[in-house]
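Each remark here refers to the structure printed beneath this line.
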Amino acid sequence: MPTDHIDLKNIWKQQKAEAPDIKELTNKIKKMSRKNRLKIIATNALFTLTILFIVGIWYFYNPKLITSKIGMILTILSMIFFVLYYNKLFTMYKKLNDFEKNKEYLQNLIRIKKQQKELQTKIMGIYYILLSLGLALYMYEYIVKMTLWLGIVCSTLTIIWVAFNWFYLRPKIAKKEQQKLDIIIDQYEKVNLDLAD
């Protein structure tokens, strides 16, 4: 019995996906760049205020134990370390402009993606380790003065908060940011292929 065999895979490959409009894509990239630069500025402001708050606590409440002081220093260093690395992205986003050659533009987008991935993995890992250690050392002075029950509750809540940020929020935000860049890079590559034809 003869059967008609349709090769769907081959037909699918032969279809030409419509490339996005270059102006629309450029506007999307500009919007993403502006949004991310504002996010970096907001992070800088938030971390600066947090550092000033920690310094204020140190000055006005003067912790007695050296562990608390070391904890505060580690917390401040974790924020400074994170912000210094994060600010490199600001420069990279600022460099994105219409006047670059298509190949250079695409390479800049790929560099941003690599920088962002390193930030969300290695740098965030170091940040969370320093921050967690800083919090633990700072809280020690106050937890030992609490009743056993209250000390356990405070320690547990802090551990849950850090774990929630590390295991849930961080991967979710990282995945969302990577997907945005992947979509833009993919669309930009399609535009470049169409322009080359």
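The values are calculated or read from the model by the stated rules, or taken from the named source; none is laboratory data. Keep in mind that what you see is a predicted model, and the values were worked out from it rather than measured. A quick note on method: Cβ atoms are made from the backbone with ideal geometry, for glycine too, and the neighbour counts reach across all protein chains shown. Ligands, DNA and RNA are stripped out before the accessible areas are found, and what is left, the full protein with its side chains, is counted by its heavy atoms. Shrake-Rupley method; radii C 1.70, N 1.55, O 1.52, S 1.80 Å.
Values computed for the structure shown
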| read-out | value |
| --- | --- |
| Eligible lysines near Lys145 by straight Cα distance, threshold 23 Å, same-chain separation 8 or greater | Lys64, Lys69 |
| Solvent exposure of region 65-197 as accessible area per residue, Å², 1.4 Å probe | 62 Å² |
| Cα-based Rg and Dmax for region 134-197, where Dmax is the largest Cα-Cα distance (Å) | 22.7, 74 |
| Coil-residue trypsin sites (Lys or Arg not before Pro) of region 45-117, DSSP, other Cβ within 10 Å capped at 10 | Lys64, Lys101 |
| Rel. contact order, % - alpha carbon contacts under 8 angstrom, at least six apart, region 26-160 | 36 percent |
| When region 43-197 is reduced to its Cα atoms, the Kirkwood hydrodynamic radius in Å | 18.3 Å |
| In Hz, Karplus ³J(HN,Hα) per residue of region 77-83 (6.51, -1.76, 1.60; θ = phi - 60°; x = Gly, Pro) | 4, 4, 5, 4, 4, 5, 5 |
| Ratio of the Cα radius of gyration of region 91-166 to 2.2 N^0.38 Å, where N counts its residues | 1.82 |
| Kirkwood estimate for region 49-88, i.e. one over the average of 1/r between Cα atoms, Å | 10.8 Å |
